[in-house]
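Accompanying notes for the structure given below.
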Amino acid sequence: MNVAARKIAIAPLPDAAALAALHALCFERPWSAESFNTLLTLPGVRALGGMLDGTPAGFILVRQAVDELEILTICVRKEARRQGAARALFQAALFDVPNIQNVFIEVDVINIEALRFYEDLGFCITGRRKDYYQHNDGTKSDALTMGYAMDSSTQR
């Protein structure tokens, strides 16, 4: 099927168990439903889910603080990748939150696919957090902090 013909349906996803299940499909050390439940009760935190062909494709969890948006996590299940889901989730999050000037995220240096995705969106590396991520094999890797400055064409 032509990827351009596929439609990603975006909607709020406040279900902590569903978020945890999707997160477990995408990350080596997934967050628990309890962690998501706690995050969802914090001011400015919201989750948006994406459906592809009627199946959950992924979600984005963001936190707004005044004019800044932090992407806490974004995940797209493997079978739905490279079909526009992550980009649609990112764009929906920007549209869902008014008056944002800057967007931030932390990305594992070994997650090359994610780093390329954010660079393609226009994010720039702004810093590094040494040994931020702990892996199941006991190794650690750095987080790159990345920023995206909104302009008038990306604001609603």
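The numbers here are math on the coordinates, done by the rules we state, and not lab data. Treat the numbers as computed from the prediction; the structure is a model and nothing was measured. Please note: Cβ atoms are built from the backbone with ideal geometry, for glycine as well, and neighbour counts cover all protein chains shown.
Calculated mean residue ellipticity, 222 nm, the chain: -8000 deg cm²/dmol, from DSSP H runs (n ≥ 4) at -39500 (n - 2.57) each, averaged per residue and rounded to 500. Each residue, residue 91 and residue 53, gets one label point 7 Å from its Cα in the Cβ direction; the gap between the two is 2.1 nm. Evaluating kT/(6 pi eta Rh) at 10 °C and 1.306 mPa s, with the Kirkwood radius of the stretch 1-127 over Cα pairs in the Stokes-Einstein relation, gives 106 µm² s⁻¹. Packing around the peptides 126-134, 106-114, taken as the average count of other Cβ atoms within 10 Å per residue, puts them in this order, highest first: 106-114, 126-134.
The residues neighbouring residue 122, those whose beta-carbon lies less than 12 Å from its own, together hold a net charge of -2 under the Lys/Arg +1, Asp/Glu -1 convention.
Measuring nothing but how far apart in sequence close Cα pairs (under 8 Å, 6+ apart) lie, relative to its length, the chain scores a relative contact order of 19 percent. Between amide H atoms placed 1.01 Å from N, distances below 5 Å from residue 150 occur with 102, 103, all of them 5 or more places distant or on a separate chain.
Taking 0.36 nm per residue of separation and subtracting the current Cα-Cα distance, fully stretching the chain between residue 37 and residue 132 would add 31.9 nm. Using the Cβ-Cβ distance between residue 124 and residue 7 with R0 set to 35 Å, the FRET efficiency works out to roughly 0.70. Residues of the stretch 97-131 with an amide N closer than 13 Å to a point placed 7 Å from the Cα of residue 139 along the Cα-to-Cβ direction: 109-112. The lysines within cross-link reach of residue 140, meaning a Cα-to-Cα straight distance under 24 Å and a gap of 8 or more places when in the same chain, are 78, 130. In a simple Cβ point-charge model (Lys, Arg +1; Asp, Glu -1; nothing else charged), the stretch 3-149 has a dipole of about 280 debye relative to its Cα centre.
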